[in-house]
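Every read-out reported here was derived from the displayed coordinates using simple, explicitly stated rules and does not represent laboratory data. Since the model is a prediction, treat every value here as computed from it, not as a measurement. Cβ: placed from backbone, ideal geometry, glycine included. Neighbour counts: every protein chain shown.
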There are 2 protein chains.
Amino acid sequence: MRRSPLKAKVHITLKSGVLDPQGKAVEHALGGLGFKDIIDVRQGKYIELTLKTKDKAKAKSEVEKMCKTLLANTIVENFTVDLDE
Amino acid sequence: MRRSPLKAKVHITLKSGVLDPQGKAVEHALGGLGFKDIIDVRQGKYIELTLKTKDKAKAKSEVEKMCKTLLANTIVENFTVDLDE
């Protein structure tokens with residue numbers, strides 16, 4: 001039987017085409033530090049949720065619902081959910 | 001020959017034991033929305049860098065240097081770098 005709690009790893013990224021001022025700021029700062037090798041920087045969010053349920057399918061649909069209702073702004077952002085022990 | 005530029009995927013997370021008020025706020029908000037199945041939430045950053053170089057080893061060491069000098073606060077944060085085409 002599985003002992004450790006389920007972990008959900010959520011990536012939230014801006015959709016392509018959506019301006020990313022935070023990423024541009026990082027790119028500019030890296031350029032200023034001498035890192036000239038960069039074509040583009042995009043900054044997103046990474047959220048790890050530890051869940052009580054042991055049911056992967058239920059966990060996945062639950063976390064996707066969390067993304068849609070709170071974590072991600074689905075108009076401008078994409079999200080992915082990966083489950084893990 | 002490889003055509004598409006190299007992408008580096010950087011995850012920056014708080015070290016365990018470091019208080020994560022942002023994660024706690026998300027956890028609280030999710031609880032308020034009726035998601036009661038959560039043990040813990042940790043929020044980190046996810047950065048995608050598109051690089052000019054085609055040399056994976058060079059890219060990895062370069063991105064690790066970026067993390068140490070700008071992207072991560074290595075006193076309280078861990079980072080991982082994954083390369084990808």
Restricting attention to segment B:54-73, and to residues there that are within 12 Å of the chain's Cα centre (by Cα) and not in a helix (DSSP H, G or I), which single residue is farthest from A:Gly34 (Cα to Cα)? B:Asn73
Could you list, in sequence order, the residues of segment B:47-61 that are crowded, with 20+ Cβ neighbours inside 10 Å and at the interface with chain A (Cβ under 7 Å from one of its Cβ atoms)? B:Ile47, B:Leu49, B:Leu51
Please specify each residue of segment A:10-24 satisfying the condition of being within 11 Å of another protein chain (Cβ to nearest Cβ) and more than 30 Å from A:Ala59 (Cα to Cα). A:Asp20, A:Gln22, A:Gly23
Hey, does segment B:54-61 have a residue that's touching a residue at least 12 places away in the same chain (Cβ under 8 Å) and of a type in the set (Gly, Ala, Ser)? yes
Considering only segment B:26-46, state which residues are within 7 Å of chain A (Cβ to nearest Cβ) and among the charged types (D, E, K, R). B:Asp37, B:Asp40, B:Arg42, B:Lys45
Only one residue in B:Ile39, B:Ile75, B:Ile12 is touching a Gly at 6+ places or on another chain (Cβ under 8 Å) and of a type in the set (Val, Ile, Thr), so which one is that? B:Ile12
What are the residues in segment B:34-53 that are assigned to a strand (DSSP E or B) and not β-branched (Val, Ile, Thr), if any? B:Asp40, B:Arg42, B:Gln43, B:Gly44, B:Lys45, B:Tyr46, B:Glu48, B:Leu49, B:Leu51
